[in-house]
1. Given the structure, is Glu180 open to solvent by 80 Å² or more (accessible area, probe 1.4 Å), within 17 Å of Pro152 (Cβ to Cβ) and modelled with pLDDT under 90?
2. From the residues in segment 2-22 that are of a type in the set (A, V, I, L, M, F, W, C) and surrounded by 16 or more Cβ atoms within 10 Å (Cβ to Cβ), which one is farthest from Leu109 (Cα to Cα)?
3. Can we say Val66 is open to solvent by less than 20 Å² (accessible area, probe 1.4 Å), out of contact with any Lys or Arg (no Cβ under 7 Å at 6 or more places or on another chain) and closer than 22 Å to Thr125 by Cβ?
4. Any residue at all in segment 200-214 that is part of a helix (DSSP H, G or I) and open to solvent by less than 60 Å² (accessible area, probe 1.4 Å)?
5. Any residue in segment 34-62 that is in contact (Cβ under 8 Å) with a residue 24 or more places away in the chain sitting within a Cβ distance under 6 Å of a residue that is open to solvent by less than 60 Å² (accessible area, probe 1.4 Å) and hydroxyl-bearing (Ser, Thr, Tyr)? List the pairs, counting only those 6 or more apart or interchain.
6. Only one of (1) loosely packed, with under 15 Cβ neighbours inside 10 Å; (2) under 27 Å from His142 (Cβ atoms) is not met by Glu85, so which one is it?
7. Please specify each residue of segment 134-149 satisfying the condition of being in a strand (DSSP E or B) and farther than 9 Å from Gly70 by Cα.
8. For segment 23-63, name all the residues that are within 26 Å of the chain's Cα centre (by Cα), within 16 Å of Glu107 (Cα to Cα) and open to solvent by 20 Å² or more (accessible area, probe 1.4 Å).
Amino acid sequence: MHVLVIEDDPVIGKNVQKSLIEADHTCEWVQTGKRGAELACGTPADAILLDLLLPDLEGLKVLDKVRERGIRTPVIILSALGTVEERVLGLQRGADDYLVKPFSFPELLARLTAVQRRTQNRPSTMVQVGELSLDLSTRRVHREAKEIELSPTEFSILEFLMRFAGQVVTRKMLCEHLWEADWEGTTNVVDVHINRLRTKVDRPFAHSLIQTVRGQGYALQSPESGL
């Protein structure tokens, strides 16, 4: 297992790194939140150990950056902040576990193994097409790292288009997806929702992902692909 440790305390950081290596794992240890966020978002790791009280960028903001990028690496918070409210907040913000300092290394190792096992068996909640990502668990959408606020109907349409990326999706298919029944009514209502969706997903950016296929419906495609 390769573990990224983001911890400014040199005693804790060195001891955790040494213990992980002795347990036949690899470990990279950094002492600042900004560097930790860079590595977490750019270097694959099997797990992240994250302190909250970092000198330049607090741990919860590091966690926000990681999750906003759609990165699902298991994160265990290591912190002296141990109230119920603080633990709940950390888990709500996207951590997989929370360990209060001081802690024993055998317990830390057991928790690392447990979160890795859980996440390996957990179905992915992310749908991604090019620079567009959609997270089913948090109901958040990002394009080029910018968050896009969608209504429930817009979110549902976008999810359907992304799951059939590169394929034509008819208006009737979208209606039946939205209302979960054989659709016999007008499909013009879909055009209204698509136009609103384009305003948010396409118009602020350099190129459009949602394409109209004349006489058939719509298709979502990245610039590199074609229909």
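The values are calculated or read from the model by the stated rules, or taken from the named source; none is laboratory data. These numbers come from a predicted model, not from an experiment. In this analysis, Cβ positions are derived from the backbone assuming ideal geometry, glycine residues included, and neighbour counts consider all displayed protein chains. Calculation scope for accessible area: heavy atoms of the full protein, side chains included, ligands and nucleic acids excluded. Shrake-Rupley method; radii C 1.70, N 1.55, O 1.52, S 1.80 Å.
1. Spelling it out, Glu180 is indeed open to solvent by 80 Å² or more (accessible area, probe 1.4 Å), within 17 Å of Pro152 (Cβ to Cβ) and modelled with pLDDT under 90.
2. Ile6
3. Judged against the criteria, Val66 is a match.
4. Yes: segment 200-214 contains one or more residues that are part of a helix (DSSP H, G or I) and open to solvent by less than 60 Å² (accessible area, probe 1.4 Å).
5. Ala45/Thr73; Ile48/Thr73; Leu52/Ser79; Asp56/Thr32
6. (2)
7. Those that are in a strand (DSSP E or B) and farther than 9 Å from Gly70 by Cα: Arg140, Val141, Arg143, Lys146, Glu147, Ile148.
8. Matches in segment 23-63: His25 only.
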